[in-house]
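K.L.:
Dropping a structure here in structure tokens format, bear with me for questions.
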Amino acid sequence: QVHLVESGGGLVQPGGSLRLSCAASGRAFSSYNMGWFRQAPGKEREFVAAISYDGVNTYYADSVKGRFTISRDDAKNTVYMQMNKLNTEDTAVYYCAADSNSAYVIRGLANYWGQGTQVTISS
């Protein structure tokens, strides 16, 4: 069992940056593939980024490549997402996900999900 808690969301002006964190409790965090998803008002949840259990492989949606960076710190049981050059289209609730199967994470079929953190980009 893994419990995920996101933090770091907030209101930022266009062009600004935020770093989201997802703290995991439970055993064997280092064996889980982790991901970030987001859901904007009136839209379906979409994949943003993922990182493999060993941190070797990362995956990004085309819309965030070059702007977002996912990373993990297994000593802290935490996964991060650094978001730069934010624009209004990045406004959404961001969710953290975890699963032992990386494909499940990327496809949005992860076993474990956090409650989400709101990110609002506005001037």
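The values are calculated or read from the model by the stated rules, or taken from the named source; none is laboratory data. Since this is a predicted model, take the numbers as computed values, not measurements. So basically every Cβ, Gly included, is an ideal-geometry build from the backbone, and we count neighbours across all protein chains shown. Only protein heavy atoms, including side chains, enter the accessible area calculation; ligands, DNA and RNA are left aside. Shrake-Rupley method; radii C 1.70, N 1.55, O 1.52, S 1.80 Å.
K.L.:
Restricting to region 18-30, name every residue that is on the phi < 0 side of the Ramachandran plot and surrounded by 12 or more Cβ atoms within 10 Å (Cβ to Cβ).
P.N.:
Going through region 18-30, the residues on the phi < 0 side of the Ramachandran plot turn out to be 18-25, 27, 29-30.
Those that are on the phi < 0 side of the Ramachandran plot and surrounded by 12 or more Cβ atoms within 10 Å (Cβ to Cβ): 18, 19, 20, 21, 22, 23, 24, 29, 30.
K.L.:
Which one of the conditions (1) open to solvent by 20 Å² or more (accessible area, probe 1.4 Å); (2) under 16 Å from residue 96 (Cα atoms); (3) at pLDDT 95 or above does residue 38 fail to meet, given that it meets all the rest?
P.N.:
Residue 38 satisfies every listed condition except (1).
K.L.:
When you go through (1) of a type in the set (Gly, Ala, Ser); (2) surrounded by 14 or more Cβ atoms within 10 Å (Cβ to Cβ); (3) farther than 21 Å from residue 102 by Cβ one by one for residue 66, which number turns out not to apply?
P.N.:
Just one mismatch for residue 66, condition (2).
K.L.:
When region 69-123 is examined, which residues are found to be within 18 Å of residue 10 (Cβ to Cβ), among the acidic types (Asp, Glu) and either open to solvent by less than 40 Å² (accessible area, probe 1.4 Å) or part of a strand (DSSP E or B) (or both)?
P.N.:
The one that is within 18 Å of residue 10 (Cβ to Cβ), among the acidic types (Asp, Glu) and either open to solvent by less than 40 Å² (accessible area, probe 1.4 Å) or part of a strand (DSSP E or B) (or both): 90.
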